[in-house]
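The values are calculated or read from the model by the stated rules, or taken from the named source; none is laboratory data. The structure presented is a predicted model; accordingly, all values stated were derived computationally and were not measured. Note: ideal-geometry Cβ built from the backbone for every residue, glycine included; neighbour counts use all protein chains shown. Surface accessibility is based on the protein's heavy atoms, side chains included, excluding ligands, DNA and RNA. Shrake-Rupley method; radii C 1.70, N 1.55, O 1.52, S 1.80 Å.
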Amino acid sequence: MKYIIRLSSYARKSSLLKMEAPKMSKVCYSSFMHNKAYINGQFVTAASGKTFEVRNPANRDLLGCTPDMDVSDAQVAIDAAYDAFQTWQNTTAKERALVLRKWFELCEKYKEDLAMIITKESGKPLAESIGEMTYGSSFIELYAEEGKRVNGEVVQSPSPSKEMIFIRKPIGVAAMITPWNFPNAMITRKAAAAMAAGCTCVVKPAEDTPYSAIALADLSQQAGIPSGVFNVVTSSKANAADIGTLLCTSPKVAGLSFTGSTAVGKLLYKQCSEGIKRIGLELGGNAPFIVFDSADLSKAVNGLMAAKFRNTGQTCISANRILVQSKIYDKFVELVKETMQKQIVVGDGAEKGVTFGPLINESQLHKVENLVKSSLDSGAKLLLGGKRHEKGGLYYEPTIIEDCAEHTPCFAEEIFGPVVCLRKFESEEEALAIANSTNSGLAGYFFSENLSQVWRVAHKLETGMVGINDGMISAAEGCFGGIKESGIGREGSHHGMDEYTYFKYLCFGGLN
Ligand code: ADP
């Protein structure tokens, strides 16, 4: 009861109960770029006073310096989240929905400002950043509603003197480690589900993109989300591993959700095993993109442009291995090349008309460069691009290589860059064998107008998600996640809340 009164005063302060329609923002995006982390409702520096630089990948300009927190700061955040959980878990789903809804409305109101922050720190074209904001906010909107539908069960008891009920409880403090490729949406996808379930959060955003996380914290404060419920701990790469270890092993943390590389995911999985923590992992993919002879080629080309070049190829569900059936191979390749040359405009994502930004950092640029070079050395053939872009900096040319085999580095590994790697195939069986010959199993795509084939291939592709005649499968309502080494658990949809709740079985005995 005490907590309900407290929440109501937050609500009054933040005019939550008025629920006015969102207005377009008149503020400047930079007013959301605090050079601070956010712990227990306060914008704070690192205890050590240390900071790290954040630069714009489009031109390497310094955007600012954010707190380089270490384990002592992370512990303060965990303590705050743990304390806040003691009251937040007792609020009603409806009360949580009201503040989450307010958070969503503020994200909508300041969408363009937060999108500009995404572009500045990740290099993503502004139109894509606005798309990410719509996508990211839609998780908050969805979970504000879904939280009200976390219901239990009353089951048939085997005994007349017993009643058996299952209720669902929030797990507690949820830790989140997020990547740079979707600096907003990868946080909201996790945090909104956790908070709607009654959990509190400690978020460790990627070192390349901390400002989007801080902007979300600012709006969470404005929305009246109570202190300690949503915390952001910023750190440089140097402190990430130690903070990660603390988040995985602290007895006050109930679960961890991670999106990032498979190597780091495996490490965190091991660390979480010590305390048998709940874990959700969204790791790397190596998506097959199959175009069958019966495909509508214009749909397939558009699908490939979306699935390959969104975020300059830096998404875990990017099409990685492009398999094309022999009869339509030449035509398809010609169309892809033509479309790339016509549609792709390389540059700073903040400039009008740009559709293709830089890679995120030097290490990503080196990785793409080396993968292409070693693929060509091992027998693949270059059709377009294949080198650093003349703009210099972190730009890499939109590239096509063909004659890729299973051992070709660009085929065997997730590229995370703008490289179309082609392979010709003859039969459906051959395409499926190639597609499934990997330890990854995140997304897969295929294009076919043959209904029986669609059904067969959809079932046989060994991936957690399948785009059928579609290259854009992400939506808050979709159930996102992988199999094999691509991850555990699902995010988005009502299933996204499962990670943050547990069943408690109540057995009422001795009933007359
Ligand atoms: P990438 O190589 O694409 O940057 P990472 O998996 O290294 O992907 O990074 C994803 C997130 O994981 C970032 O927030 C990063 O700081 C964090 N991270 C990196 N290494 C570790 C680690 N050893 N333990 C915990 N978190 C880590």
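Points to keep in mind about this one:
- Based on the Kirkwood approach, the hydrodynamic radius assigned to the stretch 294-378 is 14.5 Å, with every pair of different Cα atoms included.
- Span per principal axis, largest first, for the Cα atoms of the chain (Å): 72, 62, 45
- Counted charge near Tyr135, where neighbours are those whose Cβ lies closer than 13 Å (Asp, Glu -1; Lys, Arg +1): -2
- Taking the DSSP beta bridges with both ends in the chain, the antiparallel portion is around 45 percent.
- Amide H partners (placed H, <5 Å) of Gly152, local residues excluded: Arg168
- Just so you know, the Rg over Rh for the stretch 63-209 is 1.08, from Cα atoms, with Rh as the Kirkwood radius.
- Cα→Cβ-extended label distance, 7 Å offset, between Cys479 and Gln42, nm: 4.4 nm
- A straight chain from Glu145 to Ser294 at 0.36 nm per residue would run longer than the Cα-Cα distance by 49.5 nm.
- Cut-off 12 Å between beta-carbons: net charge of the residues surrounding Val354, Lys and Arg +1, Asp and Glu -1: 0
- Residue-averaged 222 nm ellipticity for the chain, from DSSP H runs of 4+ at -39500 (n - 2.57), nearest 500: -12500 deg cm²/dmol
- Longest to shortest principal axis, alpha-carbon extents of the stretch 287-474, angstrom: 47, 35, 30
- 16 Å reach of a label modelled at Ala263, 7 Å along Cα-to-Cβ, counting backbone N of the stretch 228-251: 237-242
- A straight chain from Gln341 to Met472 at 0.36 nm per residue would run longer than the Cα-Cα distance by 45.1 nm.
- Set Lys162/Lys252; Lys102/Lys484; Lys120/Lys331; Lys308/Lys331; Lys308/Lys367; Lys204/Lys367 screened for pairs whose C-alpha atoms are more than 27 Å apart: Lys162/Lys252; Lys102/Lys484; Lys120/Lys331
- When the surface is traced with a 1.4 Å probe over the full set of protein chains, His494 keeps roughly 100 Å² accessible.
- Of all beta bridges that DSSP places with both ends in the stretch 333-471, some 35 percent have antiparallel geometry.
- Local charge for Gly487 was computed over the other residues whose Cβ lies under 12 Å away, with Lys and Arg +1 and Asp and Glu -1, and equals -1.
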